[in-house]
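A.B. asks: To start, I am sharing the structure in question, which I have written as structure tokens.
The values are calculated or read from the model by the stated rules, or taken from the named source; none is laboratory data. This one's a predicted model, so the numbers in the text were calculated from it and none came from an experiment. Note that we place each Cβ from the backbone using ideal geometry, even for glycine, and neighbour counts take in every protein chain shown. Heavy atoms of the whole protein, side chains included, go into the accessibility calculation; ligands, DNA and RNA do not. Shrake-Rupley method; radii C 1.70, N 1.55, O 1.52, S 1.80 Å.
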Amino acid sequence: MKILVLGHKGMLGTDLMTTLGGAHDVIGKDAGDFDIASVSDCRDVVKETGANVVINAAAYTNVDGCETDENRCFSVNADGVKNVALACRGTDIKLIHFSTDYVFDGTKSVPYVEEDACNPINAYGRSKLKGEEYLSEFSNNYILLRTSWLYGKNGRNFVGAIVEKAEKTGQLEVVDDQTGSPTYTVDLAAAVKVLIEGDYRGVFHVTNRGTCSWYQFALKILEYKGMENVRIVPIKSAKLGKGAPRPEYSVLSCRKFADATHKTMRFWQIALKDYMISA
Ligand SMILES: NC(=O)c1ccc[n+]([C@@H]2O[C@H](COP(=O)([O-])OP(=O)(O)OC[C@H]3O[C@@H](n4cnc5c(N)ncnc54)[C@H](OP(=O)(O)O)[C@@H]3O)[C@@H](O)[C@H]2O)c1
């Protein structure tokens, strides 16, 4: 397959390039090569590369930044998806796009399935939901993957932030009232490979297995780093005060993915250990 990865220098994009590069002809484009908010840039970049699969990993992912710059947030995460879908429309190109657990409001207490109603509680979630809606409106050949709590080698993420802060200050306060599933970008990239090499379409939830709070996630990070001596205190989100609100519970059920592909994702603790050994 000839695959175009948009946002190939991002955290997920970099691992997609590596994972898919061994088996396919993969080309990457990122900010600097094109602007996803531009209709003509998207049309040109898709046409030029002659790809038969386009993977859109480009996004504005700063959740707090989205709250203060809704214009940028919607032009990249919503209009950008429409532009890419329109650029692929009327061709045989399959479009792969990523969305987030933050399209849900977090009021459930069992994992969200693909058909659950969306009700985002922050600007990032609203922009990603609008992107989802554009995707289904302007493409009839797509896979939409919702994922959560990503970390990987090629981007700023929670794991790096915890280690950095622990090394600098020797003590941490971490929120304990948000529950989700941390997901290693290498594992997500492998799931993307399975989906594009098979005959799949539609919406899939894909995360590592198991759930935790950010506090429990931080405890594991420190354990694997051999920094159990660092003082870590669980706090409520309200204590952080500012920034975008986050759903309290945003665990995604990956049963549909497992049933369709006969693949199960690794537990998040195993993936984290793997990441920390190789990072
Ligand atoms: N990170 C998470 O925890 C998380 C959770 C759930 C879902 N997701 C979704 O997963 C996907 C990948 O996320 P990620 O964390 O790998 O993202 P990322 O590291 O922030 O990478 C996004 C890439 O898109 C590029 N980009 C931004 N604006 C652009 C524009 N106007 N035109 C072209 N490229 C642009 C960025 O370039 P610059 O860096 O130069 O701006 C960056 O290289 C996204 O759809 C995201 O919404 C992420």
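A.B. asks: Quick one: if you stick a label point 7 Å off each Cα along the C-beta vector at Ser253 and Lys2, how many nm between them?
C.D. replies: 4.1
A.B. asks: Which longest run of the chain has no exposed loop site in it, a site being GluC sites (Glu not before Pro) in a DSSP loop with at most 13 other beta carbons within 10 Å, and the site itself not part of the run?
C.D. replies: 1-114
A.B. asks: Shifting gears a bit: Would you calculate, for the chain, the mean residue ellipticity at 222 nm contributed by helices, counting each DSSP H stretch of 4 or more residues as -39,500 (n - 2.57) and dividing by all residues, to the nearest 500?
C.D. replies: Helix contribution divided over all residues of the chain: -12000 deg cm²/dmol.
A.B. asks: Please check: in the Gaussian network model of the chain (C-alpha springs, under 10 Å), which one of Val113, Val206, Val251 has the largest mean-square fluctuation.
C.D. replies: Val113
A.B. asks: Give the list, by residue number, of cysteines in the chain with no other Cys Cβ closer than 4.7 Å, or say none.
C.D. replies: Cys42, Cys88, Cys118, Cys212, Cys254, each lacking another Cys Cβ under 4.7 Å.
A.B. asks: For Tyr142, which sequence-distant residues (separation of 5 or more, or a different chain) have an amide H within less than 5 Å of its own amide H, given hydrogens modelled in the peptide plane?
C.D. replies: For Tyr142, whose amide H was placed from the backbone, the distant partners under 5 Å are Leu95, Gly202.
A.B. asks: With a 1.4 Å probe and all protein chains left in place, how much of the accessible area of the chain comes from carbon and sulfur atoms, in whole percent?
C.D. replies: 47
A.B. asks: Would you work out the relative contact order for the chain, in percent, from Cα pairs under 8 angstrom that are 6 or more residues apart? Write out the running numbers ahead of the final one.
C.D. replies: On the way: 549 pairs, mean separation 57.2, N = 279.
Averaging sequence separation for qualifying contacts and normalising by length gives 20 percent for the chain.
A.B. asks: Counting Lys +1, Arg +1, Asp -1, Glu -1, what net charge surrounds Leu145 among other residues with beta carbon under 14 Å of its beta carbon?
C.D. replies: Counting the neighbours of Leu145, the net charge comes to +2.
A.B. asks: Considering the dipole of the chain built from charges on the beta carbon (Lys and Arg +1, Asp and Glu -1) around the Cα centre, which of Thr264, Phe138, Met11 is farthest to its positive end?
C.D. replies: Towards the positive end, the residue furthest out is Thr264.
A.B. asks: Residue by residue through the range 19-35, what is 3J(HN,Hα) from phi via Karplus (6.51 cos²θ - 1.76 cosθ + 1.60, θ = phi - 60°)? Round to whole Hz and write x for glycine and proline.
C.D. replies: Values per residue, Gly and Pro as x: 5, 8, x, x, 10, 9, 8, 10, 10, x, 9, 8, 3, x, 8, 7, 10 Hz.
A.B. asks: Right, something else. Restricting the count to DSSP beta bridges whose residues both fall in the chain, what percent are antiparallel, rounded to a multiple of 5?
C.D. replies: Restricted to the chain, the bridges split so that about 5 percent are antiparallel.
A.B. asks: Write down the accessible area per residue of the chain in Å², having rolled a 1.4 Å probe over the full set of protein chains.
C.D. replies: Result: 45 Å² of accessible area for each residue.
A.B. asks: OK, next. How would you rank 21-34, 3-16, highest first, on the average number of other Cβ atoms within 10 Å across their residues?
C.D. replies: Highest to lowest by the protection proxy: 3-16, 21-34.
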